[in-house]
Each structure stands twice: as structure tokens, then as C-alpha cells.
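Colleague: Submitted below is the structure of interest, expressed as C-alpha cells.
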Amino acid sequence: MAQPNDLLAVLIDADNVSPARIGAVLAEIAQYGTASVKRVYGDWTKTQLRGWKDAASEHVIQPIQQFDNTTGKNATDSALIIDAMDLLYTGRFQGFCIVSSDSDFTRLASRIREDGVIVYGFGERKTPDAFRNACDRFTFLEVLEEPAVEADTAAAASKRVTPAKLRQDAKLVSMLRSAVGTASGDDGWTNLGAVGQLMGKQQPDFDSRNWGYAKLSDLVKAIGLFTMETTPAGVRLQPKKK
């Protein structure tokens with residue numbers, strides 16, 4: 001579980017991430033801890049990476065130059081991996097944030113977790129399952145929006161999956177029912193926070209925003225298969241009686 005005072009190392013693969021998205025990524029990372037190291041890796045002689053100059057300066061991200069010395073080999077990935085292991089060996093960090101859609105970082109994520117350190121992954125929906133599942137938590141870049149966009153409720157509503165389609169999503173419904181059943185108490189009620197934690201462990205890329213809902217409670221309410229109550233201890237739920 002992330003703590004506000006956790007020190008995080010943020011390592012960004014410039015070849016796979018648009019600089020326009022990095023502000024939203026860092027805002028998300030701030031929920032997990034303090035990004036004490038922020039580095040972005042790329043060959044800055046490439047014209048397609050030119051946009052990173054202003055983004056790195058604005059967000060105080062250290063650019064790491066890595067020339068493509070051999071055609072067909074990604075030297076940028078290798079540099080990021082080597083730096084990640086050097087940082088891991090210092091024992092200073094409680095979490096690593098790997099920002100890329102590249103499956104080449106699958107083994108890196110697994111190795112960091114072997115040391116009991118949390119790995120947060122960020123990438124596009126095209127990111128291979130192997131890398132997504134190797135992280136403790138994986139967030140799709142497409143669901144991260146700047147505050148001005150989030151404030152536009154009409155635009156947000158247009159992105160939501162309808163309740164009818166949510167109930168037709170067999171994988172989502174099955175995972176939710178399973179988590180509720182596993183975490184339920186003797187009285188049949190389940191704490192919503194416990195449900196969210198279980199679903200995140202089962203599927204690292206689980207995020208209510210993937211369906212257009214800002215909060216898990218909004219998603220569960222929209223599905224309409226559970227009775228929900230707000231108590232002093234938080235939100236709880238149980239399957240609706242037929």
C-alpha cells in the first residue's frame with residue numbers, strides 16, 4: 001500500500017510516451033508518494049523527441065541522452081534498466097514508476113518486485129499484458145486527463161460505458177462478484193475499499209476510469225447489481241437479493 005511519504009523513482013521511456021501526457025502522469029504519481037528522482041531517456045538528436053525539451057524543463061525531469069549505437073537495438077531501454085537497478089540497490093525507494101508501453105520492461109518490473117518494492121506502470125492500452133501484469137498497478141495513459149478536461153462533466157459523461165453494457169461485461173462482473181464474495185463478512189456486507197484492493201491485485205490494470213467512471217463507487221453503482229450503503233466506516237456493499 002502506497003504511503004504519502006514514500007520515495008519514488010520515475011523512469012520515462014521518451015520513445016513510447018508523448019510529452020503532452022507527462023503532466024497528468026506526474027499528477028497521478030503524486031497520489032502514491034514523492035517523485036524524488038525523475039528521469040526521461042531518449043536519443044535527443046531525434047527530431048520526434050523535440051517536444052520533450054519544454055516538458056522536461058517544466059516538470060524538472062532530468063533528460064538522459066542515449067545514442068542509438070546499433071540499428072535494431074534499443075539502447076534507451078538498456079540505459080533505463082541499468083539505472084533502475086542502480087537505484088534499486090541504494091535501498092532508498094519504496095516504489096518505481098515505469099512510464100512506457102514497451103514489453104521490454106517486463107523482467108525489470110518483476111525483478112524490482114522481487115525486492116519487495118512496489119512497481120507502478122503507465123502506458124497506452126496497446127501495452128502487452130506481460131508488462132501490465134508484471135506491475136503492482138498499471139494505469140492506462142488514455143484515462144489520465146488534465147484537470148480542465150476532468151471538470152467538463154459533459155465530456156466525462158460521454159466517455160462512460162452505459163450500465164447495460166457494464167452488465168454485459170462478463171469479465172468485469174465476474175471479477176467484481178468474486179471480490180465481493182471473498183471480502184464479505186459474516187453479515188454479508190463488504191467494504192468497498194477491500195473490494196478495490198482485491199481487484200487491483202487480481203488485475204493490475206483495473207481502474208474504474210477505464211470504463212469512464214472517476215471512482216469505483218460510481219462504477220459499482222452504475223452496474224446496479226449491488227446494494228450500497230454509506231457508513232461511518234466507509235462505503236459497503238452486498239449483492240442485491242433476487
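Colleague: State which residue pairs qualify: first residue free of Cβ contacts under 8 Å to residues at least 60 places away in the same chain and inside region 47-62, second residue surrounded by fewer than 17 Cβ atoms within 10 Å (Cβ to Cβ) and aliphatic (A, V, I, L, M) in any location, beta carbons under 9 Å apart, and separation of 6 or more residues or different chains.
Modeller: Cβ pairs passing all conditions: GLY51/ALA20; ALA55/ALA20.
Colleague: Right, another one. Please specify each residue of region 75-101 satisfying the condition of being buried (at least 22 other Cβ atoms within 10 Å of the Cβ) and under 16 Å from the mean Cα position of the chain (by Cα).
Modeller: GLY95, PHE96, CYS97, ILE98, VAL99, SER100 - these are the residues of region 75-101 that are buried (at least 22 other Cβ atoms within 10 Å of the Cβ) and under 16 Å from the mean Cα position of the chain (by Cα).
Colleague: Moving on. Would you mind listing the helices (runs of 4 or more DSSP H) fully within region 37-137 where at least 2 residues are aliphatic (A, V, I, L, M), farther than 19 Å from PHE206 by Cα and at pLDDT 95 or above? Lay out the reasoning, then the answer.
Modeller: Numbers: elements: 52-58, 75-90, 106-114, 129-134.
Per the criteria, 75-90, 106-114.
Colleague: Residues to consider are GLY212, GLY193; find the one that is over 22 Å from ALA170 (Cβ atoms) and assigned by TED's automatic domain parsing to the domain that holds LYS165. Break it down into steps so the answer makes sense when it comes.
Modeller: Working: GLY212 fails: over 22 Å from ALA170 (Cβ atoms).
Result: GLY193 is the single residue among GLY212, GLY193 that is over 22 Å from ALA170 (Cβ atoms) and assigned by TED's automatic domain parsing to the domain that holds LYS165.
Colleague: Separate question: Pairs please, first residue from region 212-224 and on the phi < 0 side of the Ramachandran plot, second anywhere and modelled with pLDDT of 90 or more and among the charged types (D, E, K, R), Cβ atoms under 7 Å, 6+ apart in sequence or on different chains.
Modeller: ILE223/ARG167
Colleague: Determine if region 32-40 includes at least one residue that is free of Cβ contacts under 8 Å to residues at least 12 places away in the same chain and of a type outside the set (Lys, Arg). Show your work before the answer.
Modeller: Initially, region 32-40 is screened for residues free of Cβ contacts under 8 Å to residues at least 12 places away in the same chain, giving none.
Within region 32-40 (the criterion being free of Cβ contacts under 8 Å to residues at least 12 places away in the same chain and of a type outside the set (Lys, Arg)), the answer is no, since none of the residues qualifies.
Colleague: Restricting the search to region 206-242, which residues are within 17 Å of GLY181 (Cβ to Cβ) and either of a type in the set (Phe, Trp, Tyr) or assigned to a helix (DSSP H, G or I) (or both)?
Modeller: If the condition is that a residue be within 17 Å of GLY181 (Cβ to Cβ) and either of a type in the set (Phe, Trp, Tyr) or assigned to a helix (DSSP H, G or I) (or both), then PHE206, LEU216, VAL220, ILE223, PHE226 are the ones that fit.
Colleague: Right, next: Is it the case that region 45-56 has a residue that's of a type in the set (Phe, Trp, Tyr) and surrounded by 13 or more Cβ atoms within 10 Å (Cβ to Cβ)? It would help to see each step written out before you state the result.
Modeller: So the first thing to find is which residues in region 45-56 are of a type in the set (Phe, Trp, Tyr), and the list is 52.
Filter once more, keeping what is surrounded by 13 or more Cβ atoms within 10 Å (Cβ to Cβ): 52.
Yes - at least one qualifying residue is present in region 45-56.
The values are calculated or read from the model by the stated rules, or taken from the named source; none is laboratory data. As the structure is a computational prediction, the values presented were derived from the model and not from experiment. Note: ideal-geometry Cβ built from the backbone for every residue, glycine included; neighbour counts use all protein chains shown.
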